[in-house]
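The structure under discussion appears below in the form of structure tokens.
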Amino acid sequence: MAAENSHIHAQDVWRRYGTGKKTFDAVRGVSFTVRPGELFALLGTNGAGKTSTVEMLEGLAAPHRGGVRLFGTLDPVADRARIRPRTGAMLQEGGFISHLTAQETVGMWAGLTTRPRPVAQALDRAGLSHRAAVMVRNLSGGERRRLDLAIATLSHPDVLFLDEPTAGMDVEGRHATWQLIRELQGRGTTILLTTHYLEEAESLADQLAIMHRGRIAASGSVPDIVAGHPSTLSFGLPEQWTAGDLPVGGTVAERDGRVTVTTGELQKDAARLLAWAESHDVALARFTARPASLEEAFIAVAGRDGGRREEGA
Amino acid sequence: MNSPTTQHMKTLFRIEWTLFHRIKSNYVFVVLVPAMLLFTMRSVQKQLPLREHGIEAGPLMVSTATGVLLIFSLYSSVTGLYVARREELVLKRLRTGEVADPVILAGGASMYVAICVTQIVVVAAVLSVMFGVMPRQPLAAAAGLLTGIALMTAMAATTAALCRTVESVLVATLPAIFVLPMISGVYIPREVLPDALGEALLFAPLSSTIDLMRSGWTGELTAPETLTRTALATAWTALFAWTATRRFRWEPRT
Ligand SMILES: Nc1ncnc2c1ncn2[C@@H]1O[C@H](COP(=O)(O)OP(=O)(O)O)[C@@H](O)[C@H]1O
Ligand SMILES: [Mg+2]
């Protein structure tokens with residue numbers, strides 16, 4: 001898709017840290033496009049290059065190579081003054097003056113923002129009304145993330161950058177934040193979100209990209225991404241039969257009386273299997289067929305330990 | 001007067017004002033430090049052969065106080081402010097918003113500028129009464145004050161660019177705190193030094209400001225001399241501002 005009718009566009013961007021001999025390319029040729037009103041998630045383990053990518057789109061850093069555009073034609077660095085009244089951003093962490101209260105912090109941003117919503121309303125949306133007089137340094141990590149989101153959305157931005165918006169939150173806080181994000185989606189806000197939580201990407205994203213070591217390893221909608229990965233058939237087999245008797249093309253594994261067939265051709269193998277069971281009068285106990293999950297796709301590109309890691313750098 | 005920039009400046013000023021009042025010991029420093037420095041300086045300068053160089057004590061004290069306050073009250077506070085805000089990622093967070101880069105820096109510094117100007121004005125008024133001297137070249141004094149503030153703020157931004165942590169601010173500001181007043185005629189008037197050295201030190205960063213302030217009360221500078229000094233101070237400011245623009249880091253090193 002062309003940059004012109006997009007809200008966020010990255011074309012073969014590279015981000016290089018360091019100079020001289022000690023350089024490191026944290027982002028290596030990333031391209032993606034986010035259409036107006038879409039939520040695009042960058043999913044990846046720590047160090048994948050998500051933050052490094054988002055910062056270029058936010059205009060906090062210029063790409064070493066490649067180009068980024070917002071609202072079709074605007075350059076995040078050169079057109080900063082025109083872009084900022086229409087965007088909101090939440091850094092991965094920090095950014096608060098620790099000796100200000102939550103209310104003073106929102107008040108400060110209201111003074112720095114075109115057409116802000118009222119401070120009390122912003123605090124209320126973030127569920128922080130009862131914490132208004134508490135200093136930021138005494139807020140919990142989750143409360144700080146919610147305060148940050150309240151600031152990022154103070155002026156109804158058209159484009160919103162959320163770098164790990166729910167990192168460190170408890171389940172309740174995470175769901176409340178997802179609710180807020182869905183509300184923003186409902187209002188047509190274009191959102192670029194990074195996360196290392198699969199569930200978050202799966203439940204919020206219209207489009208997502210799995211980032212690994214500075215590159216996009218897979219992208220598309222969730223069904224698009226999992227489509228390329230093997231599906232699973234599983235069922236219990238009566239004792240007189242063994243896995244070797246089954247007429248399927250995929251890999252077959254048997255454990256504790258339960259058979260798992262991993263196959264790239266779910267429909268064909270399922271049909272063959274059911275036909276075989278029918279003709280041999282075999283009951284396949286608790287027969288299930290399911291496509292690959294995002295987790296499986298993620299592990300396939302990011303590695304097993306990568307898919308498991310939670311908090312960190 | 002209600003452009004976004006004005007609004008941003010006001011907001012950032014107000015925030016620093018709030019924070020300043022949150023730490024009560026700040027009050028003590030604002031009043032006590034200038035007072036103590038003045039008394040110390042007074043006793044030191046009594047030892048200097050001022051009369052044989054034709055230097056009046058009152059105007060000299062005004063220029064000394066201005067230099068000391070610019071360095072201690074403005075320069076070191078603003079350097080600390082920039083580094084602290086950077087380490088907390090506040091500067092980076094502000095850059096995601098609508099405030100322009102120079103306004104982020106100027107807005108935070110403006111509160112300290114206000115405090116420093118107030119201190120200088122009060123001290124100068126007290127000294128004028130004490131020594132029975134009145135300003136003879138208010139324009140020179142104004143030029144001294146303005147160039148001094150601009151120079152110290154630009155120097156603070158440059159120093160902050162060199163600091164890695166809040167802890168290193170102390171070390172990074174040492175040259176300015178110890179060397180600058182020595183070479184710029186803040187503690188010891190340049191006239192008292194050997195002639196060639198004294199004249200060469202006119203080109204030190206804060207010398208012009210000091211000369212301008214003193215002439216504000218003595219009226220000793222001719223119009224061309226006033227202009228030269230204003231130009232010199234402006235050149236220093238431009239140099240530091242240029243360095244800061246190129247070298248300033250908006251986020252901590254990782
Ligand atoms: N300022 C920096 N200097 C050098 N390397 C960096 C810097 N910031 C990040 N990196 C490296 O770049 C890679 C990507 O980091 P980052 O974009 O923060 O990843 P993510 O947000 O996906 O966790 C990591 O290997 C990280 O160590
Ligand atoms: Mg990150």
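The values are calculated or read from the model by the stated rules, or taken from the named source; none is laboratory data. All of these numbers come straight from a predicted model, not from anything done at the bench. Cβ coordinates were reconstructed from backbone atoms using ideal geometry, including for glycine residues, and neighbour counts include every protein chain displayed. With ligands, DNA and RNA removed, areas are computed over all heavy atoms of the protein, side chains included. Shrake-Rupley method; radii C 1.70, N 1.55, O 1.52, S 1.80 Å.
Note every residue of the range B:96-125 with a reduction of at least 10 square angstrom in accessible area, all protein chains present versus the isolated chain, computed with a 1.4 Å probe, or write none.
B:Thr96, B:Gly97, B:Glu98, B:Val99, B:Asp101
For the range A:230-291, which whole percent of the accessible surface, found with a 1.4 angstrom probe, sits on carbon and sulfur atoms?
51 percent
Equivalent ellipsoid semi-axes for the protein assembly as shown, as square roots of 5 times the alpha carbon gyration tensor eigenvalues: give them largest first, rounded to whole Å. Working shown, then result.
Values: eigenvalues 867, 98, 79 Å².
Computed over the protein assembly as shown, the values are 66, 22, 20 Å.
Among B:Thr66, B:Ala200, B:Gly54, whose Cα lies farthest out toward the positive end of the dipole of chain B, if unit charges sit on the beta carbon of Lys, Arg (+1) and Asp, Glu (-1)?
B:Thr66
Accessible area per residue, 1.4 Å probe, Å², for the range B:7-151: what's the number? All intermediate terms of the calculation are to be shown ahead of the outcome.
On the way: 6230 Å² over 145 residues.
Per-residue value: 43 Å².
Buried by at least 40 Å² relative to the chain on its own: which residues of the range A:110-144 qualify, computing accessible area with a 1.4 Å probe on protein heavy atoms?
Hits at the 40 Å² cut-off: A:Gly111, A:Leu112.
For the range A:1-47, which trypsin sites (Lys or Arg not before Pro) are in a loop by DSSP, counting at most 10 other Cβ atoms within 10 Å?
Answer in residue order: A:Lys21, A:Lys22.
Provide a whole-number value for the mean count of partner chain Cβ atoms within 10 Å of the Cβ atoms in peptide B:35-48.
The shielding value for this peptide is 0.
Name the residues of the range B:5-32 whose accessible area falls by at least 40 Å² when all protein chains are present instead of the chain alone, probe 1.4 Å?
Those residues are B:Thr11, B:Ile15, B:Leu19, B:Arg22.
Taking each residue in B:84-95, count the Cβ atoms of any other chain within 10 Å of its Cβ, then average. What number comes out?
On the way: counts 2, 2, 0, 1, 7, 6, 6, 1, 6, 13, 4, 8.
That works out to 5 on average.
Carbon and sulfur: what percent of the range A:3-226's accessible surface (1.4 Å probe)?
47 percent
Give the relative contact order (percent, whole number) for chain A; include only Cα pairs under 8 Å separated by 6+ residues.
Over chain A, the number comes to 20 percent.
Could you do me a favour and compute the accessible area per residue for the range A:230-291, 1.4 Å probe, result in Å²?
Numbers: 3880 Å² over 62 residues.
So the range A:230-291 comes to 63 Å² accessible per residue, rounded to a whole number.
Relative contact order for chain B using alpha-carbon pairs under 8 Å, separation at least 6, rounded to a whole percent?
After rounding, I find 29 percent.
Under a cut-off of 18 Å between alpha-carbon atoms, report the aspartates and glutamates in cross-link reach of A:Lys268, not counting same-chain residues fewer than 8 places apart.
Counting by Cα, and skipping residues close in sequence, A:Lys268 has these aspartates and glutamates nearby: A:Asp245, A:Glu278.
Take the alpha-carbon centre of the range B:76-142, take the same for the range B:187-254, and report the distance between them in whole Å.
Cα centres, the range B:76-142 to the range B:187-254: 17 Å.
I need two numbers for the range B:102-250: Rg to one decimal and Dmax as a whole number, Cα atoms only, in Å.
Cα only, the range B:102-250: 16.1, 48 Å (Rg, Dmax).
Given a 1.4 Å probe and no ligands, DNA or RNA in the count, how much accessible surface is buried by A and B, both sides, to the nearest 100 Å²?
The summed interface area works out to 2400 Å².
Using the Cα atoms of the range A:230-291 to build a convex hull, what is its mean projected area in square nanometres?
Seen from a random direction, the Cα hull of the range A:230-291 projects 3.6 nm² on average.
Give me log10 I(q)/I(0) at q = 0.08, 0.11, 0.17 Å⁻¹ for chain B, Debye formula, one equal scatterer per alpha-carbon, no solvent.
Values, matching the q order: -0.32, -0.60, -1.32.
If you roll a 1.4 Å probe over the range B:97-153 with all protein chains in place, what percent of the accessible area is carbon or sulfur? Present the calculation step by step, with values, prior to reporting the outcome.
Values: 1850 of 2300 Å².
Answer for the range B:97-153: carbon and sulfur cover 80 percent of the accessible area.
Helix-only mean residue ellipticity at 222 nm, the protein assembly as shown, DSSP H runs n ≥ 4 weighted -39,500 (n - 2.57), per residue, nearest 500. What is it?
-15000 deg cm²/dmol
Give the distance, in whole Å, between the Cα centre of the range A:237-287 and the Cα centre of the range A:40-96.
Between the Cα centre of the range A:237-287 and that of the range A:40-96, the gap is 49 Å.
Restricting to the protein assembly as shown, compute how many DSSP beta bridges are antiparallel as a %, nearest 5.
For the protein assembly as shown, the DSSP antiparallel bridge percentage is about 65.
Among B:Leu232, B:Leu174, B:Gly216, flag the residue with its Cα farthest along the positive direction of the charge dipole of the range B:162-233, charges on Cβ as +1 for Lys/Arg and -1 for Asp/Glu.
B:Leu174
Taking the alpha-carbon set of the range A:3-226, what are its Rg and Dmax in Å?
In Å, with Rg to one decimal and Dmax whole: 17.1, 52.
Have a look at A:His156, A:Thr101, A:Ala176 and report the one farthest towards the positive end of the charge dipole of the range A:98-209, computed about the Cα centre with Cβ charges (Lys/Arg +1, Asp/Glu -1).
So the residue furthest toward the plus end is A:Thr101.
For the range A:230-291, what relative contact order do you get, as a whole percent, if you take Cα pairs closer than 8 Å and at least 6 residues apart?
Rounded, it is 49 percent for the range A:230-291.
If the elastic network links every pair of Cα atoms under 10 Å, which of B:Val129, B:Val28, B:Val99 fluctuates the most in the Gaussian network model of chain B?
B:Val28
How large is the charge dipole for chain B, taken about the Cα centre, if only the Cβ atoms of Lys, Arg (+1) and Asp, Glu (-1) carry charge, to the nearest 20 debye?
So the magnitude is around 820 debye.
With a 1.4 Å probe and every protein chain left in place, work out the accessible area per residue of the range A:125-221 in Å², rounded to a whole number. Present the calculation step by step, with values, prior to reporting the outcome.
Details: 3580 Å² over 97 residues.
Counting only protein heavy atoms, the per-residue value for the range A:125-221 is 37 Å².
About the Cα centre, and with charges only on the beta carbon of Lys, Arg (+1) and Asp, Glu (-1), how big is the dipole of the range A:3-226? Nearest 20 debye, please.
It works out to roughly 660 debye.
Which lysines does A:Lys50 reach when only Cα atoms under 19 Å apart count, and residues fewer than 8 places away in its own chain are ignored?
Answer for A:Lys50, where 19 Å is the Cα cut-off: B:Lys92, listed by chain and number.
Dipole of the protein assembly as shown, Cα-centred, from +1 at each Lys and Arg C-beta and -1 at each Asp and Glu C-beta, to the nearest 20 debye?
1460 debye
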